[in-house]
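Engineer: Input: one structure, supplied below.
The values are calculated or read from the model by the stated rules, or taken from the named source; none is laboratory data. Predicted, not measured: the structure shown is a model, and the values here were computed from it. Glycine also receives a Cβ, built like all others from the backbone with ideal geometry; neighbour counts cover every protein chain displayed. The area values use the complete protein model at the heavy-atom level, side chains included, leaving out ligands, DNA and RNA. Shrake-Rupley method; radii C 1.70, N 1.55, O 1.52, S 1.80 Å.
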Amino acid sequence: MTTVNLPYFDSLLEELGKENPELKQAFGRHVHWGYWPEPRTADGSVTDFAKAAERLSEKVCAAGGVRDRLRILDAGCGFGGTIALVNERFSPINLVGLNIDARQLTRAREQVLPRPNNTIEFVQGDACAMPFEDNSFDIVFAVECIFHFPSREKFFQEARRVLRPGGKLALCDFVALELANPIFKTVGKLFGDSIYRTYGQVKSDFTASDYRQLAEKTGFTRSFMEDITPGTVPTYPVVRQLQRRHNQADIEKVTAMAEWLARLGWVRYQVWAFDVP
């Protein structure tokens, strides 16, 4: 089994084990950014952020075309938040969460139980070498996790393999602005060690053009892309505040750098969907 370095999950799981109420509200269900349709309405509270994180999962689900009677895979499922959302709103439906970190899956299994007529399974495995049969899913999700994977190309190949004809891959990701990518790569070289020590492996120099080329190369057709960068920016102050309160100064510095890149527009936050012909 391939292992990954996820230091922020080390810290988060430790605090959740202490039943930290603030972090449980912020990240106990979803461990990803939030989305505000009207960013000016964000009030900076943890409660508001938790609602925004739910909305981000809703955006990806909508891009994937979730409906009843489907079999859905959430790759990099975290604590099962997106699976929980789908489980609560659709039936009958078959849900599978895949994650390389057994600790995250343990929490997911404890928290997310299937509603009547639904099934949920959490599987430990590598998103770039999935332990599933060909043509076995209608939708594959990757909610703000693909930058941790060893290879976007291998993940796309695997998603294409396990999806049925007419299936869909839906994801959200931090995407480098084409014109600013050389600057962004320089920032990555300068701060790469700090990023690795706080957020683990992060490959965020991928551009929109790269995604279009990757889809064509792996047999997908692009059906949807929405840039929601302004609606995600209110996440940064909330996350930095939480990190400051919990004595995570090193992580806060890296988050502040990421916020700077987002506010400059050098890093975009985008939701993508790709179809299997």
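Engineer: Keeping all protein chains in place, calculate the accessible area per residue for the chain (probe 1.4 angstrom), answer in Å².
Structural biologist: 45
Engineer: For segment 206-224 and segment 1-60, what is the separation of their Cα centres, given in Å?
Structural biologist: With segment 206-224 and segment 1-60 each reduced to a Cα centre, they are spaced 28 Å.
Engineer: OK, next. I'd like the accessible area for GLU133, computed on protein heavy atoms only with a 1.4 Å probe and all protein chains in place. Round to 10 Å², please.
Structural biologist: The value for GLU133 is about 140 Å².
Engineer: Taking all pairs of different Cα atoms in segment 15-105, averaging 1/r and flipping that mean, what Kirkwood radius in angstroms comes out?
Structural biologist: On the way: mean 1/r = 0.0709 Å⁻¹.
Result for segment 15-105 stands at 14.1 Å.
Engineer: Can you tell me what share of the DSSP beta bridges in segment 65-127 is antiparallel? A percent to the nearest 5 is fine.
Structural biologist: 0
Engineer: Related question: If one puts a single equal scatterer on every Cα of segment 196-277 and applies the Debye formula without solvent, what log₁₀ I(q)/I(0) results at q = 0.15, 0.20, 0.25, 0.27 Å⁻¹?
Structural biologist: The computed values of log10 I(q)/I(0) come out as -0.68, -0.96, -1.19, -1.28.
Engineer: So, counting K/R as plus one and D/E as minus one, what does the shell of residues with Cβ under 12 Å around VAL60 add up to?
Structural biologist: -3
Engineer: Of the heavy-atom accessible surface of segment 22-118 (probe 1.4 angstrom), what whole percent is carbon and sulfur?
Structural biologist: 49
Engineer: Segment 38-197: D in µm²/s via Stokes-Einstein (Kirkwood Rh, Cα pairs, 4 °C, 1.567 mPa s)?
Structural biologist: 76
Engineer: Given charges of +1 on the Cβ of Lys and Arg and -1 on the Cβ of Asp and Glu, with all other atoms neutral, how large is the dipole of the chain about its Cα centre, in debye to the nearest 20?
Structural biologist: So the magnitude is around 160 debye.
Engineer: Have a look at the chain and give its Rg and Dmax from the Cα atoms, expressed in angstrom.
Structural biologist: 17.6, 51
Engineer: Here is a follow-up. Using the structure shown, list the pairs from LYS24/LYS51; LYS154/LYS203; LYS51/LYS154; LYS18/LYS203; LYS154/LYS253 with a Cα-Cα distance above 23 Å, or answer none.
Structural biologist: Over 23 Å apart, Cα to Cα: LYS51/LYS154; LYS18/LYS203; LYS154/LYS253.
Engineer: Percent antiparallel among DSSP beta bridges with both residues in the chain, to the nearest 5?
Structural biologist: In the chain, approximately 45 percent of DSSP beta bridges are antiparallel ones.
Engineer: Could you give each residue of segment 47-52 its phi-based ³J(HN,Hα) in whole Hz, using Karplus coefficients 6.51, -1.76, 1.60 with θ = phi - 60°, and x for Gly or Pro?
Structural biologist: Along segment 47-52, the couplings run 4, 5, 5, 4, 5, 5 Hz.
Engineer: Work out the length of the dipole vector of segment 35-182 about its Cα centre, built from +1 on the beta-carbon of each Lys and Arg and -1 on the beta-carbon of each Asp and Glu, and round it to the nearest 20 debye.
Structural biologist: 320
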